[in-house]
Each structure stands twice: as C-alpha cells, then as structure tokens.
Amino acid sequence: MCGIVGYIGRREVLPVLVRGLEGLEYRGYDSSGLACFDPEHSRIVAVKEKGKLDQLKARLEGFHHNGCIGIGHTRWATHGAPTRDNAHPHLDASEQFAIVHNGIIENYERLKTDLLRAGTHFKSETDTEVFVHTWGRLARKIRDVREAFRQTVLKCHGRFAFVGMSLKTPDRIFVFRRSNPIVIGAGSGEYFVASDVTALLPYTREVIYLEDDEMAEVLRSEVKFYNVKTGKRMQKKSIRIDWSSEQAQKGGWPHFMIKEIHEQPDVLETALAKRIQKGRIVWDTLSKKAEARLKKIRKIFAVSCGTAFHAGLAGKYMLEEYAKIPVETSVSSEFRYSDPILEKEDMVLLVSQSGETADTLAALHEAKERGAFSLALVNVVGSTLAREADAVIYTHAGPEIGVASTKAYTAQLIHLALFSIYLGKLRGKISNQNLKTLLGHAKKLPAHIRQFLVKGKAKVEECADALSDKPNLIYLGRGYNYPTALEGALKFKEITYKHAHGYAAGEMKHGPIALVDKNLPVVSIAPASKTYEKMMSNIEEVKARDGIIVSIGTRGDEKLRLKSKYFLEIPSVPEIFSCILTVIPLQLLAYQAAVLNGREVDQPRNLAKSVTVE
Ligand code: F6R
C-alpha cells in the first residue's frame with residue numbers, strides 16, 4: 001500500500017521519479033506527488049495531485065527542473081481523504097524538510113497534540129505530517145539532520161517506511177524501514193529507492209533490501225547503513241535480481257492482467273523445468289537440514305490471504321492426499337490472533353506473491369515465536385517473508401503488476417502440487433511409478449493452458465457477454481475445485497464490482513439455494529473427480545430452480561454440456577492438477593466481464609497490490 005520512490009544521482013530527477021511511480025502505481029492510486037531539490041533557488045519544490053498518476057503528470061507538463069535528487073509517492077489513503085493536501089510528500093513549516101511515508105504511525109495523535117501545543121500548523125489530515133514537523137524541529141535543536149531523522153523514527157510507533165530529504169543536507173536522502181518494504185538500487189554514481197523492486201528494473205538489478213529497523217543515508221557515491229536503535233553503522237550486501245524491465249511492461253497488451261493470464265503457460269513451463277530434473281523433484285533453496293525437518297513434520301498450517309489463501313486451501317487437498325500430512329488452513333489475520341496450538345514438529349506454510357503482506361508476516365512471527373518450522377512459498381525474491389522464514393521456495397512467476405492475481409496463483413498451485421508429491425515421495429507414500437505418471441501429466445499442463453487460451457477464448461467471451469450485467473453470481477466447487485470456486489468469485493468481484501460468492505457445492509442446500517432463480521448465474525466447476533456425481537446433483541438442484549448454469553468440465557462430458565447454458569471444457573488430468581486448469585476460464589471470464597463493464601482492470605477501486613497494513 002502506497003508506493004515510495006527516491007533518486008539521487010546525475011540524471012534529471014523528474015522523469016526518474018515519474019517512471020518509478022508508474023512502476024508502483026499498482027500499490028496505491030488515489031493521489032500522488034513528488035518533491036525535489038531546486039539547486040538554482042536552493043529550495044524544495046513539491047508537486048502533488050489527487051487521482052491517478054496521470055493527473056500528476058498533467059500538472060507536471062511544462063514544468064522544468066534540473067535537480068538530480070528527489071522523492072515521490074503514490075498513495076492508498078489511510079488517514080485523511082485522497083485530496084491534494086493529504087497527498088505526499090509532506091513538508092515542514094520551514095519547507096526545508098520533506099517526507100514520503102508508507103504504513104501507519106500508530107501514536108500520531110499523541111505526537112500531533114504535542115506539536116499543536118508547541119504552535120505547529122498542520123496542512124493535512126495525515127498521520128505522516130507529524131513526522132516531518134518533528135524531524136524539522138529536532139534537526140534545528142540538535143543540529144544534526146541524520147540523528148534527528150533517527151530520533152524521529154524512534155518516536156513513532158507502528159510499521160512503516162519513510163524516505164526524506166532536507167535542504168540542510170542537499171546531497172543525500174534518508175530512508176527507514178520497519179515491516180514495510182524498501183529496496184535500494186545501485187547504479188553507477190547514482191542510487192534509486194523504491195517500495196518494490198519492479199520500479200528499479202529500468203535502471204538496475206543490483207539491489208539492497210533494508211531489514212526492519214534499518215536506516216540508510218543515501219549519497220551519490222555511497223550508502224551508509226545504520227541500526228536505528230543503536231545508531232551504529234552496519235554493512236550490507238547487494239543481491240542481483242533476475243527479472244527484466246520488459247517483464248514489468250504491458251508489451252502491447254491492453255492490461256497487465258490479460259498479459260499475465262497469457263503468461264501462465266510459460267510460468268508453468270519454467271517451474272516444471274526448474275523443479276523436475278532427471279525424473280526427480282528438486283528444490284534449489286531447501287537445505288539438507290530443512291529436508292530432514294520436512295521428513296518429520298507432524299502437521300501443516302497453511303496460512304495466507306486472499307488469492308494466496310485459496311492456493312493454500314488447494315494445497316491442503318494436495319498435501320493430505322499425496323504426503324498424508326494433516327493440514328489446517330487459516331487466513332493470516334485470523335491465525336495470528338487465534339492462539340494456534342503449534343508444536344516444534346509442525347510446519348507453518350506461508351503463501352504469498354509479494355512476500356510483504358503484513359498479516360502473513362505477523363503470522364510468520366507468531367509461528368517462529370512458538371518454535372514451529374516456517375516455509376515461505378513466495379514470488380518476490382528477497383522479500384521480507386522470504387528472508388525471515390526458516391526456508392523458502394520461490395514460485396518464479398516474474399513480476400505480477402495487475403492487482404488481481406493470476407499467474408502468481410497458478411505458479412503457487414503448481415509448486416504446491418509438486419511439493420506435495422515431493423513430500424509424499426520423501427516420506428515413502430508415493431511409488432516410483434506413481435511419481436513418473438504424475439510428473440508426466442504435470443509436464444503437459446502448459447500446453448493445455450495454451451490451447452485453452454486460443455480455443456476457449458471465444459466461448460468465455462460469449463459467456464461474459466451474457467453475465468456482465470448480472471448483479472449476483474454464485475460459484476460452486478468441491479474438493480480440489482472448492483478453492484477454484486472461491487478464487488473465481490474473488491476474481492469476478494474484485495474487478496467487476498459485482499457480487500460473486502464462492503461456496504463448497506455441498507453447502508448450497510444449507511442456505512445459498514434461496515438465491516437461485518432465473519436471473520442467477522451459477523458457475524459450477526465440475527471436472528471429472530471423486531465428487532463428480534455429487535456436483536451433478538448440485539447442478540440439477542440449480543437447474544430445477546431455473547438458475548443459469550455455467551460449467552467448467554472435462555472435455556467430452558456431454559452430460560454436463562447438456563445441463564449447462566455455457567460449457568467451458570478443459571482436458572482430462574489427475575484431480576491434483578485440475579484446479580490449475582479450471583481457474584483459467586474463470587480468470588478470463590472475470591477479465592472480460594470487467595472490460596465490458598468499463599472497469600479499471602489493473603487498478604480496481606479501493607484495492608492495492610501489496611497489503612502492508614494490518
Ligand atoms: C486478489 C489478490 C489478493 C492477494 C492478497 C495476498 O487477486 O491479489 O487477494 O492474493 O492480498 O497477497 P500476497 O500474495 O502478496 O500475500
């Protein structure tokens with residue numbers, strides 16, 4: 001939530017900041033702003049605007065500036081409406097200090113009361129403004145800008161990231177992080193700061209992640225790192241990111257979401273090539289010690305949020321069937337407050353695209369405190385979850401920019417499937433022959449998706465056309481495809497703003513059936529499976545009440561085709577892999593319906609890609 005950028009070097013700063021904000025706009029898009037040093041007039045110039053980044057760009061037209069140092073922000077409002085006044089950067093009264101902020105200063109009211117008493121005038125309703133006033137006052141008092149920045153951070157409670165600049169030290173910017181991501185990109189004689197590595201890709205792939213309670217003083221030629229609590233200098237190493245700048249661009253597609261839907265065959269191909277070698281499933285990031293621990297795991301808790309939670313739920317079916325380990329699933333925000341009964345032999349599996357979701361990080365901390373083994377399944381290399389968990393598996397889906405998750409989800413599913421099979425083999429639950437057969441099927445998945453994206457598209461479009469004006473939809477599934485029902489409904493509601501609800505199909509008769517009439521589309525995910533006949537009965541129940549049946553089934557299933565108004569078919573695969581295929585039509589359906597409704601597909605209202613507040 002909220003995107004932060006900073007730059008110091010020799011380039012003209014405005015285009016660098018704007019480009020950085022473009023790369024981060026998916027994090028927040030209700031207002032934006034930037035501030036830079038104006039070397040000619042020795043002042044800080046700030047430009048802010050409400051609305052999308054385009055509004056800010058329009059205000060910047062004809063605005064020339066030859067400064068080479070600046071900071072910028074794209075906002076997802078927490079305190080105060082999305083107005084120009086509340087947009088960042090915020091400046092102190094002397095206009096010598098400027099700050100951008102991500103996260104929440106929990107004790108801001110207390111700090112504000114003190115500042116008001118001391119006569120400070122506030123221009124915004126944000127919590128952020130207390131930081132810049134406190135920093136300015138302290139810096140004047142102790143005559144040390146860096147130390148004042150550090151002391152201001154220590155006065156603030158909560159989880160946040162800050163990037164600040166001061167006219168008193170016009171050759172550097174200051175950066176701090178606690179629980180909200182900040183990454184510094186190293187160029188030659190220049191440094192870039194951003195909330196997310198994707199914003200750095202046009203310039204560098206050499207990056208340094210700040211850890212919690214670390215502060216950086218960034219100059220053109222070097223970065224000095226400090227522990228904010230002790231004020232002591234520390235050394236940090238950079239890492240190299242293997243994503244490319246092109247991957248984070250639309251490349252001719254109208255939206256990132258549709259581009260990312262079409263990237264799924266390649267994402268799966270990469271995953272399979274990386275994970276299956278010489279007939280074995282291998283993990284480059286799991287140590288021998290981690291493997292030994294995995295062999296003895298007693299129980300797994302799959303913990304995550306949103307789409308990643310649905311992947312974790314699918315993982316439960318996979319792990320229980322193939323590894324024969326009991327799995328409990330929980331959304332992160334519930335897990336952390338539920339007093340979970342965790343033993344040392346238990347594993348907490350944290351699934352996350354960004355690796356920065358605040359609730360999932362808090363769940364990790366809970367798991368670690370209780371001594372359980374933590375394994376993170378994460379897309380973003382070097383993200384907080386990846387660094388802090390006992391072990392990590394990367395999903396390598398590449399940068400996902402569309403707010404509605406698609407390729408990250410199928411990448412999570414294939415990794416969970418392979419991990420379940422691997423654990424099953426490790427624990428002697430799967431024969432060599434069974435392993436061979438399963439891996440043979442897995443390798444065909446990319447081609448199956450590719451084929452659907454070509455051949456199934458027209459049918460999905462026809463279906464979206466018929467459903468796009470319906471105010472309510474129900475999605476039903478069982479077993480491996482119960483998570484698909486939840487995910488299909490989530491995709492539909494988040495980008496069309498229409499109500500869609502996913503249910504375990506067997507639950508329909510316990511309440512939701514009251515909604516069924518001739519206007520209600522019921523999307524039924526019913527490929528060949530152990531529960532196929534039960535699904536058929538549920539579909540009959542809907543049909544008897546005139547509901548509009550949209551079904552996802554196995555190719556050649558004439559029985560299902562005849563019952564359905566719209567029938568979308570996928571090839572026959574073992575159940576464990578079916579959820580990887582059935583979700584594709586549902587992603588396309590949501591996308592197409594959102595386009596028909598004129599929605600902002602990549603930046604749906606009220607949402608943000610990386611949810612770093614609790
Ligand atoms: C929905 C979506 C969200 C995320 C959720 C968790 O399309 O993207 O529901 O899945 O916010 O985010 P990560 O996976 O980054 O932890």
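Confirm whether residue 424 is closer than 26 Å to residue 298 by Cβ and modelled with pLDDT under 95.
No: the conditions fail for residue 424.
Of all residues being of a type in the set (A, V, I, L, M) and in contact with an Asp or Glu (Cβ under 9 Å, 6 or more places away or on another chain) in region 314-330, which is nearest to the ligand (Cβ to nearest atom)? Just the residue, please.
Out of the qualifying residues, it is 314.
What residue, of 186, 216, is assigned by TED's automatic domain parsing to the domain that holds residue 39 and out of contact with any Lys or Arg (no Cβ under 8 Å at 6 or more places or on another chain)? Steps first, answer last, please.
Details: 216 fails: out of contact with any Lys or Arg (no Cβ under 8 Å at 6 or more places or on another chain).
Within the list 186, 216, the selection yields 186.
Specify the residue that is farthest from the ligand (Cβ to nearest atom); the eligible residues are those in region 474-489 that are under 27 Å from residue 414 (Cβ atoms) and outside any helix (DSSP H, G or I).
Residues of region 474-489 under 27 Å from residue 414 (Cβ atoms): 475-489.
If we keep only those that are outside any helix (DSSP H, G or I) too, we end up with 475-478.
Working: 475: 14, 476: 20, 477: 17, 478: 22 Å.
Filtering region 474-489 for residues that are under 27 Å from residue 414 (Cβ atoms) and outside any helix (DSSP H, G or I), the one farthest from the ligand (Cβ to nearest atom) comes out as 478.
Residue-by-condition table, conditions (1) touching a residue at least 12 places away in the same chain (Cβ under 8 Å); (2) crowded, with 24+ Cβ neighbours inside 10 Å:
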position	(1), (2)
3	yes, yes
7	yes, yes
22	yes, no
87	yes, yes
107	yes, no
114	no, no
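Pairs, please: C-beta under 6 Å, at least 6 apart or cross-chain, first residue more than 16 Å from the ligand (Cβ to nearest atom) and in region 290-308, second among the aromatic types (Phe, Trp, Tyr)?
293/373
Out of 64, 41, I need the residue that is without any contact (Cβ under 8 Å) to a residue 12 or more places away in the chain, more than 28 Å from residue 138 (Cβ to Cβ) and either of a type outside the set (Gly, Ala, Ser) or not assigned by TED's automatic domain parsing to the domain that holds residue 255 (or both). Which one? Please lay out each step first, then the result.
Working: 41 fails: more than 28 Å from residue 138 (Cβ to Cβ).
On inspection, the qualifying residue turns out to be 64.
Checking the condition crowded, with 24+ Cβ neighbours inside 10 Å and either assigned to a helix (DSSP H, G or I) or out of contact with any helix residue (DSSP H, G or I) (no Cβ under 6 Å at 6 or more places or on another chain) (or both), which residue from 593, 528, 514 passes?
593
In region 58-91, how many residues are of a type in the set (D, E, K, R) and at pLDDT 95 or above?
The qualifying residues number 0.
Return the residue satisfying two criteria in turn: it lies in region 490-499 and is of a type outside the set (D, E, K, R) and away from the ligand (no atom under 11 Å from the Cβ), and of such residues it is most open to solvent (accessible area, probe 1.4 Å).
Among them, the one singled out is 499.
Which pairs turn up if I take residues in region 186-203 that are over 9 Å from residue 5 (Cβ atoms) and look for partners that are basic (Lys, Arg) with beta carbon separation below 6 Å, at least 6 apart in sequence or on another chain?
What qualifies is 189/220.
Taking only pairs six or more apart or across chains, which ones have beta-carbon atoms under 8 Å, a first residue in region 491-513 that is outside the structural domain of residue 311 (by TED's automatic domain parsing) and without any contact (Cβ under 8 Å) to a residue 24 or more places away in the chain, and a second residue that is in a strand (DSSP E or B) and away from the ligand (no atom under 13 Å from the Cβ)?
493/499
Being open to solvent by less than 60 Å² (accessible area, probe 1.4 Å) and either of a type in the set (Gly, Ala, Ser) or not assigned by TED's automatic domain parsing to the domain that holds residue 349 (or both), is that true of even one residue in region 454-462?
The answer is yes; a qualifying residue exists.
Taking residue 393 as the residue in question, decide whether it is within 16 Å of the ligand (Cβ to nearest atom), in the same structural domain as residue 263 (by TED's automatic domain parsing), within 23 Å of residue 309 (Cβ to Cβ) and in a helix (DSSP H, G or I).
no
Does residue 547 qualify as being buried (at least 21 other Cβ atoms within 10 Å of the Cβ) and over 31 Å from the mean Cα position of the chain (by Cα)? Please lay out each step first, then the result.
Working: buried (at least 21 other Cβ atoms within 10 Å of the Cβ): yes; over 31 Å from the mean Cα position of the chain (by Cα): yes.
So residue 547 passes the test.
Being of a type in the set (Val, Ile, Thr) and either over 24 Å from residue 76 (Cβ atoms) or surrounded by fewer than 22 Cβ atoms within 10 Å (Cβ to Cβ) (or both) is the requirement here; does residue 437 meet it?
Yes: the conditions hold for residue 437.
Restrict the check to region 435-447 and report whether at least one residue is polar (S, T, N, Q), more than 12 Å from the ligand (Cβ to nearest atom) and under 30 Å from residue 385 (Cα atoms). Before you say what the answer is, go through the steps one by one.
If we filter region 435-447 for residues that are polar (S, T, N, Q), which is where we start, we get 437.
Among the residues that remain, those that are also more than 12 Å from the ligand (Cβ to nearest atom) are: 437.
Right, trim to under 30 Å from residue 385 (Cα atoms) and you get none.
No.
Restricting to region 532-545, name every residue that is outside any helix (DSSP H, G or I) and within 17 Å of residue 502 (Cα to Cα).
Scanning region 532-545 gives no hits.
Out of the helices (runs of 4 or more DSSP H) lying entirely within region 226-310, which hold 1 or more residues that are more than 21 Å from the chain's Cα centre (by Cα)?
Counting at least 1 such residues, we get 264-275, 288-295.
Can you tell me which of (1) touching a helix residue (DSSP H, G or I) at 6+ places or on another chain (Cβ under 8 Å); (2) on the phi > 0 side of the Ramachandran plot; (3) not polar (S, T, N, Q) is the one residue 112 doesn't meet?
Of (1) touching a helix residue (DSSP H, G or I) at 6+ places or on another chain (Cβ under 8 Å); (2) on the phi > 0 side of the Ramachandran plot; (3) not polar (S, T, N, Q), only one is false for residue 112: (2).
Is it true that some residue in region 331-344 is within 14 Å of the ligand (Cβ to nearest atom), modelled with pLDDT under 95, open to solvent by less than 20 Å² (accessible area, probe 1.4 Å) and more than 30 Å from residue 436 (Cβ to Cβ)?
Checking region 331-344: at least one residue is within 14 Å of the ligand (Cβ to nearest atom), modelled with pLDDT under 95, open to solvent by less than 20 Å² (accessible area, probe 1.4 Å) and more than 30 Å from residue 436 (Cβ to Cβ).
For residues that are within 12 Å of residue 31 (Cα to Cα) and of a type outside the set (S, T, N, Q), tally how many sit in region 62-100.
Residues that pass the stated criteria total 13.
Checking the structure you have, find out if any residue of region 411-426 is aromatic (Phe, Trp, Tyr), open to solvent by 10 Å² or more (accessible area, probe 1.4 Å) and closer than 18 Å to residue 295 by Cβ.
There is at least one residue in region 411-426 that is aromatic (Phe, Trp, Tyr), open to solvent by 10 Å² or more (accessible area, probe 1.4 Å) and closer than 18 Å to residue 295 by Cβ.
When you scan region 555-578, do you find a residue that is under 23 Å from the mean Cα position of the chain (by Cα), away from the ligand (no atom under 16 Å from the Cβ), at pLDDT 95 or above and not β-branched (Val, Ile, Thr), even just one?
The answer is no; no qualifying residue exists.
Name the residue, out of 152, 120, 134, 126, that is in contact with a His (Cβ under 9 Å, 6 or more places away or on another chain) and surrounded by 22 or more Cβ atoms within 10 Å (Cβ to Cβ).
Being in contact with a His (Cβ under 9 Å, 6 or more places away or on another chain) and surrounded by 22 or more Cβ atoms within 10 Å (Cβ to Cβ) holds for just one of 152, 120, 134, 126, which is 126.
The values are calculated or read from the model by the stated rules, or taken from the named source; none is laboratory data. Bear in mind that the values here come from a model prediction, so they are computed numbers and not experimental data. Here Cβ is always computed from backbone atoms with ideal geometry, including for glycine, and neighbour counts include all displayed protein chains. All accessible areas refer to the heavy atoms of the entire protein, side chains included, with ligands and DNA or RNA removed. Shrake-Rupley method; radii C 1.70, N 1.55, O 1.52, S 1.80 Å.
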